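See below for the structure under consideration.
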Amino acid sequence: MSIDIRSLKERRRRIFSLIRKELDTLVKDKVSMVILFIIPICVITLIGVGEFSLIGGLVELYIIDYDDSDESQEFIDTFKYNTTAEVSVKVKEDFNMTAEEFEEQAKEKLPTEEIVAYIILIENFSENLKNNKSTELPIFIDYIDFFSAFSAQASIIDATVHYQIINQQFESDLFYFPVMKPVESLNILQIAAPFLVSIMIFACINLITTQCIVGDKPLKRLLTTPTFRFEVIIGKIISYSILAIIQIVLILLFLEFVFGIQYRCLFIELFLMLLLFAVNSVVIGVFFSSISSSRLQSSQLFLFFFIMMLVITQIVRIPVIVNFLPLEQATAAFVDLAYRGKTLIDIWPNLLNLSIITLFFFIINVVYFQYIKKEFV
Amino acid sequence: MGKLEEIKKSIFRIRGLYIKELKVLLKDIFAMFIIYAMPVFLVLFLGGVFGGNGTGGDNGGGGLASMMGGGLEIPAIGLIDNDNSEGFPNIDLSKIFVNKCMQYEEAEEVEIIESNNQSKLEILLGQGIISAYIIIPEMFEYNLSIHFPTILVVVIDVLELSGFQASQAIIDVIIEDFKEENNFTGVFDYEITRANIPETGRQLFSGVSLFFPMVIFAIASLTGAQLIVSDIPKDRLALTPANKFEIILTKLISLQTLMTSLILILLILSYFLGLQIRGSVFDFFWILFLCALLGIIYGLFMSSIAREPLEALQLFIFVFLFQIIAVLFVQNELILSLLPLANTSLLIVSIALRGQSPLSEYIYYLIQFSECIIFFLAAYIFYKRKKVLL
């Protein structure tokens with residue numbers, strides 16, 4: 001009895017067998033499994049229980065008093081004792097110096113970690129305040145560490161406003177104290193979650209998948225059987241996607257039940273979006289694996305893509321490129337679904353973008369594996 | 001055979017193994033291409049060759065976006081003018097503020113959505129269509145006319161960091177411009193000097209402390225992670241007089257040679273793209289050299305404990321990802337001081353960018369040297385205990 005190997009039924013049977021074989025191989029590797037699922041747990045826990053490093057911290061500053069008046073001393077005291085921010089103030093008396101010497105020292109110290117900023121209280125500080133109700137306030141802030149500079153600027157403005165309120169000294173001015181919304185997002189894990197989840201799924205799944213063809217030694221033998229090359233690709237994509245499903249569910253449940261992150265959308269919607277992103281990571285990984293001839297090459301391709309994606313999404317943000325990066329799309333879609341309460345229909349541009357990239361790499365994989373990759377012949 | 005003769009032979013073997021290891025590494029042309037392409041592309045991206053604000057930006061009032069050197073998107077900001085008060089004759093001050101915002105819109109620095117309905121703007125903010133909104137309050141003009149400060153209501157969406165930064169930056173700039181134009185100095189006329197910002201290569205300057213160690217450590221440890229576990233002919237070496245210490249040492253030296261050339265490329269390219277540092281280039285080189293060394297040793301350690309190449313890769317991703325997340329989000333100094341990425345990042349900021357003396361941060365060098373010795377010995381012990389399959 002002859003079997004039509006091209007029939008749909010046969011193809012389906014072969015693909016199922018391939019998936020089972022792939023999953024068997026993957027699951028057998030216990031260490032890999034533990035690492036794959038331990039990474040998200042460790043990283044989420046680390047951030048969930050840790051402290052946030054970007055904002056805050058003690059602001060060290062010098063106040064150089066050329067005026068030596070009661071008003072200038074009061075100004076210094078406001079910084080020392082009344083500010084709501086954490087500020088450590090040093091004045092010339094602490095070093096037994098004249099104001100000029102102290103300013104020189106401040107200039108020297110500004111690029112170092114010892115101070116973040118210095119303020120100069122000019123000679124006519126009190127006189128200006130009395131006569132003009134206004135005075136210049138030269139402030140020098142070190143911007144090598146951007147986040148310390150940001151904290152320093154906020155602390156200085158906070159303290160000067162405090163001084164004005166205490167002394168009832170007002171002049172035409174425009175302030176604002178930004179109201180951050182949504183209020184509950186000030187939890188660092190909640191803010192980090194969209195980026196964190198996306199980056200973990202991409203890194204773990206993509207790296208594992210980069211080894212799926214180049215590291216598959218029996219693949220050569222398998223291709224001597226009546227198995228089509230594109231079936232191999234489909235089998236691999238599906239089996240790695242199954243692994244991704246477990247990882248996504250684990251991450252989302254861990255975030256929700258252990259750290260209390262609340263999703264404003266249906267769980268299934270968030271899951272489906274991340275699944276599409278994971279499939280995207282898988283097809284890109286399969287592509288890296290297809291074009292590589294050694295394990296090292298494929299993992300380096302992963303690293304190259306991963307780091308460039310980080311640089312572009314986090315710092316450079318070149319508009320032409322950034323919108324085509326899966327990490328950017330997944331992070332934006334996560335925010336829209338989980339925090340803004342949008343539906344899958346509302347985020348169709350992100351989904352379309354991810355689908356197009358996925359389809360593009362899938363076609364390249366099939367074509368490359370079917371017609372170009374000759375190593376197995 | 002005397003001790004001296006033994007050492008001579010050992011050096012001879014190490015030299016041979018070193019040449020062999022280098023040849024093996026260089027033979028994989030595609031892998032080498034990626035290794036060298038990675039830092040080149042990194043510097044080109046950060047240097048603004050492909051766009052962004054890599055070399056530009058003003059030194060004065062550019063706000064957050066230009067301080068970061070990053071190419072932030074144009075933010076959409078809602079605006080409500082609730083002010084009907086009178087203060088100055090023949091002018092409508094709130095209208096002037098609105099016009100000021102419109103000027104920036106025309107200059108394509110912001111997109112202003114005017115409204116008179118706060119609920120509508122709240123919805124737009126919640127949907128992510130706008131990243132902030134400003135309300136000009138009632139008594140805006142009157143308060144300013146009687147020499148009294150006015151507090152604007154500014155609500156910012158913090159869910160998207162880039163939008164948050166961009167909107168806060170542009171609001172600061174608009175307010176400063178408005179105050180200056182109308183001579184509203186306040187009690188304190190802040191003359192803020194943003195010091196120590198380089199004239200050129202700002203984006204490189206802001207990215208160098210995070211991304212240089214990231215690339216160096218990643219390449220070194222990823223390549224190192226495959227050196228033992230994927231080296232199939234290494235077991236045949238057991239038949240030769242070469243011992244395992246010599247084998248692992250030559251793997252370290254050969255990869256470090258490659259990494260050194262990579263570091264040099266990174267530094268030379270950065271120099272040409274305008275990176276300005278206060279410290280010495282030699283200090284910067286040694287910081288990256290140590291980072292690469294530590295990366296290779298971490299890689300060798302992972303390679304020596306892994307049974308499969310895939311396992312080594314997974315160990316690598318665990319270590320690498322853990323460090324990236326820790327550097328970005330964790331403040332615990334004890335944890336950070338033990339992580340090569342965080343340590344190197346700190347050394348770059350202190351010694352290369354700030355120009356402090358290397359001695360001022362000796363403790364971090366000490367930790368890195370200790371880690372090098374501990375992990376190298378651990379890698380050697382695990383490798384030595386591995387059974388030779390012949």
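Just a few scattered comments:
- In this label model, residue A:323 and residue A:154 are separated by 3.2 nm, measuring between points 7 Å along each Cα→Cβ vector.
- Sites residue B:161 and residue A:360, calculated FRET efficiency, Cβ-Cβ separation with R0 25 Å, nearest 0.05: 0.35
- nm² value of the averaged projected area, convex hull over the Cα atoms of the protein assembly as shown: 38.9
- Degrees, to the nearest 10: B:161-182 long Cα axis against longest axis of chain B: 40
- Normalised by the number of residues in chain A, the average gap of Cα pairs under 8 Å and 6 or more apart makes the relative contact order 18 percent.
- Simple Cβ-charge dipole of the range A:135-272, Lys/Arg +1 and Asp/Glu -1, about Cα centre, in debye nearest 20: 1320
- For chain A, size of Cβ-based charge dipole, Lys and Arg +1, Asp and Glu -1, in debye: 4920
- Chain B: relative contact order as a whole-number percent, Cα under 8 Å and 6+ apart: 19
- Max mean-square fluctuation residue, GNM over chain B, Cα-Cα springs under 10 Å, options B:351, B:297, B:363: B:363
- Put the Cα centre of the range A:315-366 next to the Cα centre of the range B:311-390 and the gap is 34 Å.
- Residues whose amide H falls under 5 Å from that of residue B:192, counting only those 5 or more places apart or on a different chain, are A:139, with hydrogens built in the peptide plane.
- Note on A:165-172: average number of Cβ atoms from other chains within 10 Å of each residue's Cβ is 5.
- Paramagnetic reach from residue B:271 in the range B:281-298 [backbone N under 17 Å; point 7 Å along Cα→Cβ]: B:281-289
- Note, ³J(HN,Hα) from phi for the range A:139-150, Karplus 6.51, -1.76, 1.60, rounded to Hz, x at Gly and Pro: 10, 10, 10, 7, 9, 5, 9, 4, 6, 5, 4, 4
- Sites residue A:169 and residue A:108 - FRET efficiency at Förster radius 41 Å, r taken between beta-carbons, to 0.05: 0.80
- Shape of the range B:110-214, Cα gyration tensor, a/c cut at 1.5: oblate
- Rounded to the nearest 500, the 222 nm mean residue ellipticity of the protein assembly as shown from helices alone is -20000 deg cm²/dmol, with -39,500 (n - 2.57) taken per DSSP H run of at least 4 residues.
- Only aspartates and glutamates eight or more places from residue B:20 in sequence, or on another chain, were considered; those with a Cα closer than 20 Å are B:28, B:231, B:235, B:246.
- When the P(r) is computed for chain B, the part past 39 Å accounts for 38% of the Cα-Cα pairs.
- Highest-MSF residue in chain A out of A:198, A:292, A:69 [GNM, Cα springs under 10 Å]: A:69
- Note on exposure: A:207, B:336 ranked by accessible area (1.4 Å probe, complete protein assembly) read B:336, A:207, with the most exposed listed first.
- Each of residue B:360 and residue A:49 was given a label point 7 Å from its Cα along the Cα-to-Cβ line. The distance between the two points is 3.5 nm.
- Which listed pairs, of B:23/B:384; A:236/B:27; A:30/A:181; A:9/A:220, have C-alpha distances above 32 Å, in listed order: A:30/A:181
- Rolling a 1.4 Å probe over the protein heavy atoms leaves residue B:6 with an accessible area of roughly 90 Å².
- Result for chain A in a Gaussian network model with C-alpha springs under 10 Å: among A:33, A:180, A:308, the largest mean-square fluctuation is at A:180.
- What the Cβ-Cβ distance of residue B:245 and residue B:308 gives, at R0 = 25 Å and to the nearest 0.05, is a FRET efficiency of 0.55.
- Per-residue surface analysis assigns residue A:284 an accessible area of about 0 Å², computed on protein heavy atoms at 1.4 Å probe radius.
- When the charge dipole of the protein assembly as shown is built from unit charges on Cβ atoms (+1 for Lys and Arg, -1 for Asp and Glu) and taken about the Cα centre, the candidate among B:360, B:135, B:270 whose Cα reaches farthest toward its positive end is B:270.
- Helix axis angle, A:267-291 relative to chain A longest principal axis, alpha carbon, degrees: 70
- Per residue, the convex hull around the alpha carbon atoms of the range B:297-390 comes to 105 Å³.
- Rounded to 5, percent antiparallel among DSSP beta bridges of the protein assembly as shown: 15
- Electrostatic dipole magnitude of chain B [Cβ: Lys, Arg +1; Asp, Glu -1; Cα centre; debye, to 20]: 4140
- Alpha-carbon spread of the range A:159-205, three principal axes, descending order, Å: 60, 17, 17
- 5 angstrom amide H check on residue B:113, placed H, neighbours 5+ away: B:77, B:78, B:79
- Between residue A:86 and residue A:132, the distance separating the two model label sites (each 7 Å from Cα on the Cα→Cβ line) works out to 3.7 nm.
- Rounded tilt (10° steps) of B:202-227 against the dominant C-alpha axis of chain B: 30
- Only aspartates and glutamates eight or more places from residue A:107 in sequence, or on another chain, were considered; those with a Cα closer than 18 Å are A:60, A:65, A:93, A:94, A:142, A:145, B:191.
- A 1.4 Å probe, protein heavy atoms only, puts the accessible area of residue A:70 near 130 Å².
- Straight-distance crosslink candidates among lysines, where the alpha carbon sits under 16 Å from residue A:109 and sequence neighbours closer than 8 are dropped: A:90, A:92
- Close amide-amide hydrogen proximity is noted between residue A:173 and B:148, B:150, each under 5 Å apart and 5 or more residues distant or on a separate chain (H modeled in the peptide plane; Pro and chain starts excluded).
- Sorting B:188, B:272 on solvent-accessible area from highest to lowest, probe radius 1.4 Å, gives B:272, B:188.
- Potential extension, residue B:127-residue B:193 segment - 0.36 nm per residue separation minus Cα distance: 20.1 nm
- Per-residue shielding of B:158-166, expressed as the average number of other chain Cβ atoms within 10 Å of the residue Cβ, stands at 5.
- Element breakdown for the range B:269-324 at a 1.4 angstrom probe: carbon and sulfur atoms account for 70% of the accessible area.
The values are calculated or read from the model by the stated rules, or taken from the named source; none is laboratory data. Keep in mind the model is a prediction, meaning the values are calculated, not measured. Because the Cβ atoms are built from the backbone with ideal geometry, glycine has one as well, and the counts that use them run over all protein chains shown. Protein only, heavy atoms only, side chains kept; ligands, DNA and RNA dropped before computing areas. Shrake-Rupley method; radii C 1.70, N 1.55, O 1.52, S 1.80 Å.
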